[in-house]
Amino acid sequence: MNTTLHLGEHHFKRFGLVFFVYTEHHQTCGEAVMATGRRNNKSLQTSVRLPLEDFDAIEKLKEDGESVAGFIVSAVQSEIKRRQRKKLKQEIEHE
């Protein structure tokens, strides 16, 4: 198949290899270095599998403009705080 993509004044033949070259300049935004993998200095990208009913509930309950990721991060932070309080309470009771 010989397909030509027209992008403005440029013409490119379609082929099976696409690659990107990043220089140090491309990887730097101001003084912060952009993430080059799953981990940067503030976060870690991960993948989770959710039961469909949980995902449907997230879609129904998230705020207008809120992303699924934002909802999940908020839920995780709330659960961490809840468990920390529970653990502290148990430690106090055992003293």
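Any read-out appearing in this document is the output of simple, stated calculations on the displayed coordinates, not a laboratory observation. As the structure is a prediction and not an experimental result, all values here were calculated from the model. Positions of Cβ are backbone-derived with ideal geometry, glycine not excepted, and every protein chain shown enters the neighbour counts.
Structure notes:
- 28 Å Cα-Cα threshold exceeded, pairs from K42/K87; K42/K81; K60/K89; K60/K87: K60/K89; K60/K87
- The order of the peptides 66-77, 84-95 by mean Cβ neighbours within 10 Å, most packed first, is 66-77, 84-95.
- Other residues within the sphere of radius under 13 Å centred on the Cβ of E59, judged by their own Cβ, net out at -4 (K and R +1, D and E -1).
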